[in-house]
Every structure is written in C-alpha cells, then in structure tokens.
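Visitor: Here it is, the structure in full.
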Amino acid sequence: MPNRCSKPCQYPGCNALAAPDSKYCEMHKQYRALRPCKQEGCKNLTYEKYCDECKKKRQAIYYKNYDRYTRTKEQKQRYNHLWRDVRSIYIRQHPYCESCFEQGKMVFAEMVHHKIPLAKGGKNELDNLQSLCFSCHSKIDHEKL
C-alpha cells in the first residue's frame with residue numbers, strides 16, 4: 001500500500017493537517033459523516049474507508065504478500081519487518097522522488113532504494129537510503145547491470 005501525504009483540513013479557517021484518508025483533522029472529525037465500511041460483507045460504520053477491524057485484516061494480508069514472489073530466501077532475511085518499518089518512516093519523511101526533485105519535478109516516490117545494496121554491506125540507515133519513483137528506480141537498477 002503506497003503511502004499518501006497528509007492534506008489540509010477542509011474545515012473553514014483550519015490549517016491543521018488531516019490524515020491521508022480523511023478530509024478533516026482530529027479536532028474537526030465530528031463534521032464527518034459515519035458511513036458503512038467498504039469491505040464486502042462488513043456492516044460496521046466508520047469515518048474512514050474501512051473500519052479498524054477490516055483495516056487490520058487488510059494490512060495483515062498486505063504484509064503476508066509483500067515479498068511473496070519476488071524475493072529469494074536470502075533477500076527475505078534482509079528485507080524483513082524491520083526493513084518495512086524503516087521504509088515506511090523514510091517514505092513519510094521523503095514523499096517525493098529525490099532524483100526527479102533534483103531536476104525540478106515533483107513526483108511521488110514509490111520505492112526506497114539502498115545506495116549501497118545490503119548484499120554489498122550496505123545498512124538500513126537513513127544516509128544509505130533514497131526515495132525514488134518507479135521509473136528512476138528502474139533506471140538505477142538497469143545501470144547496475
């Protein structure tokens with residue numbers, strides 16, 4: 001699930017940031033209408049797209065399938081739950097592709113790239129990471145070949 005940026009609250013005169021899946025900030029939540037959960041078969045009412053119960057189920061399925069088909073056993077050991085935590089923190093702090101941003105373009109990042117790969121001794125440290133869009137990540141990987 002890609003990370004989305006926060007948006008300004010839509011309550012008139014409020015400058016606070018709202019959650020990515022909401023129009024209003026925490027203070028103005030009561031102005032939102034309760035609606036049915038979007039998960040098929042769920043009858044819970046919620047302010048967001050999915051109720052808390054369905055959100056947890058969907059997140060568990062996402063993480064279960066995160067690297068199911070694309071990683072070898074060695075890679076799965078390196079890209080574990082700790083990597084997912086580091087990645088989500090980094091992408092929240094750097095929401096735009098750093099390569100495109102240097103060229104003056106504002107493109108949302110989809111991937112977090114290790115400048116020095118883990119297989120070659122790189123670490124999951126912030127100075128070894130960079131956020132990239134899919135096309136820039138593909139270019140960098142293609143240049144390495």
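Visitor: Applying the selection to segment 73-119, what residues are touching a residue at least 24 places away in the same chain (Cβ under 8 Å), surrounded by 13 or more Cβ atoms within 10 Å (Cβ to Cβ) and among the hydrophobic types (A, V, I, L, M, F, W, C)?
Guide: If the condition is that a residue be touching a residue at least 24 places away in the same chain (Cβ under 8 Å), surrounded by 13 or more Cβ atoms within 10 Å (Cβ to Cβ) and among the hydrophobic types (A, V, I, L, M, F, W, C), then W83, V86, I91, C97, C100, V107, F108, A109, M111, V112, L118 are the ones that fit.
Visitor: Let me ask something else. Inspect segment 122-133 for any residue being buried (at least 18 other Cβ atoms within 10 Å of the Cβ), modelled with pLDDT of 90 or more, closer than 15 Å to W83 by Cβ and of a type in the set (A, V, I, L, M) and give the result as yes or no.
Guide: Yes, segment 122-133 contains a residue that is buried (at least 18 other Cβ atoms within 10 Å of the Cβ), modelled with pLDDT of 90 or more, closer than 15 Å to W83 by Cβ and of a type in the set (A, V, I, L, M).
Visitor: Do you know which of the residues in segment 55-72 that are surrounded by 10 or more Cβ atoms within 10 Å (Cβ to Cβ) and of a type in the set (F, W, Y) is modelled with the lowest pLDDT?
Guide: Y66
The values are calculated or read from the model by the stated rules, or taken from the named source; none is laboratory data. Please read these numbers as outputs of a predicted model, since none were measured by experiment. Ideal geometry is used to build each Cβ from the backbone, glycine not excepted, and the neighbour counts take in all protein chains shown.
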